[in-house]
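Student: Here it is: the structure, laid out below.
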Amino acid sequence: MTEKANLTPRDWVIAGLAALGEGGLDAVRVERLAKQLGTTKGSFYWHFADRPALLEAMLQLWEREGTAEPVAKAIAIADPAERLRQITKGALSVTGRGASVGRAETALRAWAAQNSEVGQRFARIESERIVALSGALAALGYEAAETGRLAKALYLTLIGLYSVRPYAPELAEDQALLDLVERVIAGAPGR
């Protein structure tokens, strides 16, 4: 257990994302998180004004570390094939700082479907992810019309992996997506 004095806002955010992934938005409760972190609700209120502030911090962390930073890192890779591989491998991470990435992503999608503000934000982030994939595909030599469709197909395959991991791990075979990416690379007009 983490001692109260050592807890940071990030600890609460990660615990919130883990709870979201395990039980949905209703599972992100201050009292539950405090118990899980081995502290009191007072520690939470030292860092956050209220639950909505925590939810916003969770979205910001997901946006920054789940999209902005990995996309920026991938764009810096000169070889488009390696860029596409790295984007895919990064997205297949099972856990991020103790929270299940797939479960959190799936729960975030459910939240986005119920809340128009979160939905708009989520749609913007997913669009940024598709643009990053499209850029790598275009650099491989695919035509503009084809890059969008291929990027969406790869992205939707990833979402499918995320959604079945909790109940059908044998179906959620990461290697299947990695093999698909290799076929897309091998079939690129620029190869």
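The values are calculated or read from the model by the stated rules, or taken from the named source; none is laboratory data. This structure is a prediction, so every number in the text was calculated from the model and none was measured. For neighbour counting, all protein chains shown are included, and Cβ atoms are generated from backbone atoms with ideal geometry for every residue, glycine included. The area values use the complete protein model at the heavy-atom level, side chains included, leaving out ligands, DNA and RNA. Shrake-Rupley method; radii C 1.70, N 1.55, O 1.52, S 1.80 Å.
Student: Pick out, in residue order, every one of the GluC sites (Glu not before Pro) in region 85-149 that is DSSP loop and has at most 12 other C-beta atoms within 10 Å; say none if there are none.
Tutor: Sites meeting the loop and neighbour criteria: E143.
Student: Starting from 0.36 nm per residue, how many nanometres of slack lie between A176 and E146 once their C-alpha separation is accounted for?
Tutor: 8.7 nm is the gain from fully extending A176 to E146.
Student: Per residue, what accessible area does the chain have, given a 1.4 Å probe and all protein chains present, in Å²?
Tutor: Per residue, the chain has 53 Å² of solvent-accessible surface.
Student: Only loop residues by DSSP count here, and only those with at most 16 other Cβ atoms within 10 Å; note down the trypsin sites (Lys or Arg not before Pro) in region 57-155 that meet that.
Tutor: Those satisfying the criteria are R97.
Student: Decide, for region 86-141, between rounded, prolate and oblate: order the square roots of the alpha carbon gyration tensor eigenvalues as a ≥ b ≥ c, take rounded if a/c falls under 1.5, and otherwise choose prolate if a/b is larger than b/c, else oblate.
Tutor: Oblate shape, in that a/c is at least 1.5 and b/c is the bigger or equal ratio.
Student: Using a 1.4 Å probe on the protein heavy atoms only, what accessible surface does S163 show? Give it in Å² to the nearest 10.
Tutor: 50 Å²
Student: Now for a different question. Rounded to a whole number, what % of the accessible area of region 50-191 do carbon and sulfur atoms account for, probe 1.4 Å?
Tutor: 56 percent
Student: Suppose the Debye formula is applied to equal point scatterers at every Cα of the chain; what is log10 I(q)/I(0) at q = 0.09, 0.17, 0.18 Å⁻¹?
Tutor: Here log10 of I(q) over I(0) equals -0.38, -1.09, -1.17.
Student: Ok, one more. When Lys and Arg each count +1 and Asp and Glu each count -1, what net charge do the other residues less than 14 Å away from R32, Cβ to Cβ, add up to?
Tutor: So the environment of R32 carries a net charge of +1.
Student: Also, I was wondering about something else. Within the set of other residues whose C-beta is less than 13 Å from the C-beta of L55, count the net charge using Lys and Arg as +1 and Asp and Glu as -1.
Tutor: -2
Student: OK, next. Classify region 23-63 as rounded, prolate or oblate, taking a ≥ b ≥ c as the square roots of the eigenvalues of its Cα gyration tensor: rounded when a/c is under 1.5, otherwise prolate if a/b is larger than b/c and oblate if not.
Tutor: Taking the square roots of the gyration eigenvalues as a ≥ b ≥ c, region 23-63 is oblate.
Student: Let me have the relative contact order for region 68-191, percent, based on Cα pairs under 8 Å that are six or more residues apart.
Tutor: Answer for region 68-191 is 29 percent.
Student: Sum -39500 (n - 2.57) across every DSSP H segment of at least 4 residues in the chain, then divide by the residue count to get the 222 nm mean residue ellipticity, nearest 500.
Tutor: That calculation yields -22500 deg cm²/dmol at 222 nm.
Student: Give me the one-decimal nm value for the distance between modelled label points at S163 and A113, 7 Å along each residue's Cα-to-Cβ direction.
Tutor: 0.7 nm
Student: I'd like the GluC sites (Glu not before Pro) in region 1-91 restricted to DSSP loop residues with at most 12 other Cβ atoms within 10 Å, sorted by number.
Tutor: Of the GluC sites (Glu not before Pro), the ones in loops of region 1-91 whose Cβ has at most 12 other Cβ atoms within 10 Å are E3.
Student: Normalise the Cα radius of gyration of region 1-88 by 2.2 N^0.38 Å (N = residues in it) and let me know the number.
Tutor: Region 1-88 yields a ratio of 1.35.
Student: How far is it, in nm, from the label point at A153 to the one at W46 when both lie 7 Å from their Cα along the line to the Cβ?
Tutor: 5.3 nm
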